[in-house]
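Quick note: the coordinates plus some simple rules give every number you see, no bench work behind them. This is a predicted model, so every value here is computed, not measured. Positions of Cβ are backbone-derived with ideal geometry, glycine not excepted, and every protein chain shown enters the neighbour counts.
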Amino acid sequence: MPASASAGQHEMPGTHGDAPSGDGLAASASGFRFAPAVSSLPPGQAASFRFQIQGADGKPVTAFEPDQTKLMHFYLIRSDLTGFQHIHPELATDGTWTAPVTPLQPGTYRAYTSFTTEDGAGKAVPLVLGEQITVAGTAATRPVPAGSTTTEVDGYTLTLSGGHPMATMEGELTVTVSKDGQPVTDLQPYLDTYAHLTAFHEGDLAFAHLHPKGTVNGDHGGPALSFAAMLPRSGNWRLFLQFQTAGVLHTAEVTVPVG
């Protein structure tokens with residue numbers, strides 16, 4: 001905590017340090033491999049998705065470092081950018097992670113693991129690794145919604161500002177939260193920040209995590225949330241913004257075109 005931070009106030013994660021890097025389109029990087037136990041999941045029913053992170057020797061990794069309070073962030077998204085899930089799996093002593101997945105519709109999905117571990121020299125290695133998963137059945141895919149600067153969820157309106165994002169260029173995205181026309185100022189910390197924002201690229205399903213800026217000070221977040229935005233390629237990105245009020249987690253979705 002910075003010496004200047006007031007009581008109950010601290011920096012949001014992502015304002016310093018190394019966040020997991022990678023676009024999730026590879027299952028292996030830096031000597032580590034995402035190794036799912038299965039390549040498919042059943043349609044329409046809850047399931048336990050098990051996997052390991054394996055080192056260059058093929059042995060499961062058992063030591064991880066926290067990122068936004070969790071040792072592992074696991075994501076699922078369907079090829080049409082629907083069916084988003086963000087799960088925090090449990091780690092067994094043998095290095096097997098178990099993610100409780102809610103029922104999925106048929107289709108082709110990509111699973112992502114976002115984590116930080118150490119290499120043989122003790123250096124932190126932050127990674128995002130991904131693998132394709134299928135769900136049997138006929139997929140009723142949907143077109144990706146057009147780009148917008150507003151979206152709604154559970155009675156909340158989210159408004160995006162920050163100009164037109166350009167690929168590979170660092171920028172700032174601001175999301176303003178309101179309800180019934182009034183600014184929302186009672187956002188609660190979720191994963192040690194006031195909002196968690198992930199993005200997926202239409203077509204290849206590349207993954208990006210937009211890092212929050214600012215400080216956390218109790219249940220007083222909002223109405224404006226700022227993120228360091230660097231999306232690595234042009235095209236449509238589907239953003240999923242998760243925030244919490246009164247103990248309830250909300251997930252808003254919006255499409256952002258990147259030039």
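Observations, loosely collected:
- Eligible lysines near LYS123 by straight Cα distance, threshold 25 Å, same-chain separation 8 or greater: LYS59, LYS70
- Stokes-Einstein D in µm²/s, Kirkwood radius over Cα pairs - segment 28-135 at 10 °C with 1.306 mPa s viscosity: 112
- Dipole size of the chain about its Cα centre, with +1 on Lys/Arg Cβ and -1 on Asp/Glu Cβ: approximately 480 debye, rounded to the nearest 20.
- Taken along the Cα-to-beta-carbon direction at a fixed 7 Å, the label points for ARG233 and THR134 span 2.3 nm.
- Normalised alpha carbon radius of gyration of segment 70-123 [divisor 2.2 N^0.38 Å]: 1.36
- Once the convex hull of all Cα atoms in segment 29-68 is built, its volume per residue stands at 116 Å³.
- The H on the amide N of PHE49, modeled in the peptide plane, is under 5 Å from the matching H of ALA99, VAL101, each at least 5 residues off or on a different chain.
- Segment 144-258 - charge dipole about Cα centre, Lys and Arg +1 at Cβ, Asp and Glu -1, debye rounded to 20: 200
- When only the Cβ of Lys, Arg, Asp and Glu is charged (+1, +1, -1, -1), the dipole of segment 28-135 relative to its Cα centre reaches about 200 debye.
- A cut-off of 5 Å between modelled amide H atoms, ignoring neighbours fewer than 5 places along the same chain, links ALA229 with GLY171, GLU172, LEU173.
- With a simple spin-label model that places each label point 7 Å from the Cα along the Cα-to-Cβ direction, the separation between THR102 and THR174 comes to 3.2 nm.
- For ILE133, the residues 5 or more places off, or on other chains, whose built amide H falls under 5 Å of its own are TYR109, ARG110, ALA111.
- Rg/Rh for segment 144-258 stands at 0.95; both radii use Cα atoms, and Rh follows the Kirkwood definition.
- Inter-site label distance for SER161 and VAL248 at 7 Å from Cα along Cβ, in nm: 2.7
- Packing-based ranking, highest mean first, of 136-142, 111-117 given that Cβ atoms within 10 Å are counted: 111-117, 136-142
- When peptides 240-248, 201-209 are sorted by average Cβ neighbour count within 10 Å, with the highest value leading, the order is 201-209, 240-248.
- Alpha carbon Rg of the chain, scaled by the compact-globule rule 2.2 N^0.38 Å: 1.01
- Quotient of Cα Rg and 2.2 N^0.38 Å for segment 139-203, N being how many residues it contains: 1.34
- Once the chain from THR141 to ASP204 is taken as fully extended at 0.36 nm per residue, the excess over their C-alpha distance is 21.1 nm.
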